[in-house]
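Q: Attaching a single structure in structure tokens format; questions to follow.
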């Protein structure tokens, strides 16, 4: 078993909660009355006059997203070579503030959403702790989904899952550049994804006293760690990458928006929950069967869960 039972359940539980929260945010961005009249999904505008990227062909729309992932990876590796973690911190701050503001704006006025998003982003940057970090992760990917779900159809969403799964395998098992990226994120104290100290799960990470939130967020990663267990200066923490939450959410969001045209809103929302449920089961199996000191690309397993969930969705 990769982690303790309690830590495993916490990781999977927060993963599932992030999926439901993200789908709720995506649903809030759908203009249901206009969609019903138009016979196609009509989206509410993003706040602050942001425009979604224009799409000519939704079937091939996963290509620019894939290219952006590759460019982003190369940029982070370049920053690693430069040894400038403050640049990554500035980048993370902008992304976190923007995506959180998009998520919060689905529920509160834009001005309030922006103020809350900036406050949380500053808190994550200057006073990092486990609670604020993980709660904010519940909303970050909903903001991303509100941008990208309208760009994709089912075919493109499946291809995106396949692409990111292959990328994950290469990054963790072949080039292993995920290790360098994770180390650099830890140095910058800005980790994208879930971050659960072992002592939260009832197993002390070390014999000495420590502050789990702050110390863990300042931790270093062992040479074996790319995705799974970080070793802080005083203990172990379990992690789950942001992409492992964001991409299944985008896939489920695309399925949900297509279903909204044929089903009542609440029925479509409930049916699509089969996808995160199966993805969560796949993640749970990976964590239960995985070896403690080995690291695995999570997206291939989660993607299989998403596709099984989609099959169940079609049968319901």
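Q: Here are some residues: 114, 152. Which one is in contact with a helix residue (DSSP H, G or I) (Cβ under 8 Å, 6 or more places away or on another chain) and closer than 23 Å to residue 306 by Cα?
A: The unique qualifying residue is 152.
Q: Let me ask you something else. Can you name the residue in region 1-53 that is without any contact (Cβ under 8 Å) to a residue 24 or more places away in the chain and either touching a helix residue (DSSP H, G or I) at 6+ places or on another chain (Cβ under 7 Å) or crowded, with 18+ Cβ neighbours inside 10 Å (or both) and, of all such residues, is nearest to residue 246 (Cα to Cα)?
A: Result: 44.
Q: Could you count how many residues in region 104-131 are part of a helix (DSSP H, G or I) and without any contact (Cβ under 8 Å) to a residue 24 or more places away in the chain?
A: Going through region 104-131 one residue at a time, the tally reaches 9.
Q: A follow-up question, please. Consider region 165-216. How many of its residues are within 26 Å of residue 100 (Cα to Cα), out of contact with any helix residue (DSSP H, G or I) (no Cβ under 8 Å at 6 or more places or on another chain) and at pLDDT 80 or above?
A: Qualifying residue count for the region: 0.
Q: Criterion first (in a helix (DSSP H, G or I), buried (at least 22 other Cβ atoms within 10 Å of the Cβ) and touching a residue at least 60 places away in the same chain (Cβ under 8 Å)) does residue 155 satisfy it?
A: Judged against the criteria, residue 155 is not a match.
Q: Being in a loop (DSSP other than H, G, I, E, B) and within 21 Å of residue 143 (Cα to Cα) is the filter here; which residues of region 45-83 pass it?
A: Residues satisfying the conditions are 45, 46, 50, 51, 52, 53, 54, 55, 61.
Q: Of the residues 41, 7, which single one is part of a helix (DSSP H, G or I) and in contact with a strand residue (DSSP E or B) (Cβ under 7 Å, 6 or more places away or on another chain)?
A: Sole residue among the options that is part of a helix (DSSP H, G or I) and in contact with a strand residue (DSSP E or B) (Cβ under 7 Å, 6 or more places away or on another chain): 7.
Q: Same structure again: So the check is Cβ under 7 Å with 6+ separation or different chains; which pairs have a first residue in region 280-306 that's within 19 Å of residue 246 (Cβ to Cβ) and a second one that's surrounded by fewer than 17 Cβ atoms within 10 Å (Cβ to Cβ) and modelled with pLDDT under 90?
A: Taking only residues 6 or more apart or on different chains, the pairs are 297/173.
Q: Right, next: Going residue by residue through region 227-242, is there one that turns out to be in a helix (DSSP H, G or I) and either under 22 Å from residue 103 (Cβ atoms) or at pLDDT 95 or above (or both)?
A: No, the conditions are met nowhere in region 227-242.
The values are calculated or read from the model by the stated rules, or taken from the named source; none is laboratory data. A quick note: this is a predicted structure, and the numbers were derived from the prediction, not measured. Virtual Cβ from ideal backbone geometry, glycine too; neighbours counted across all protein chains shown.
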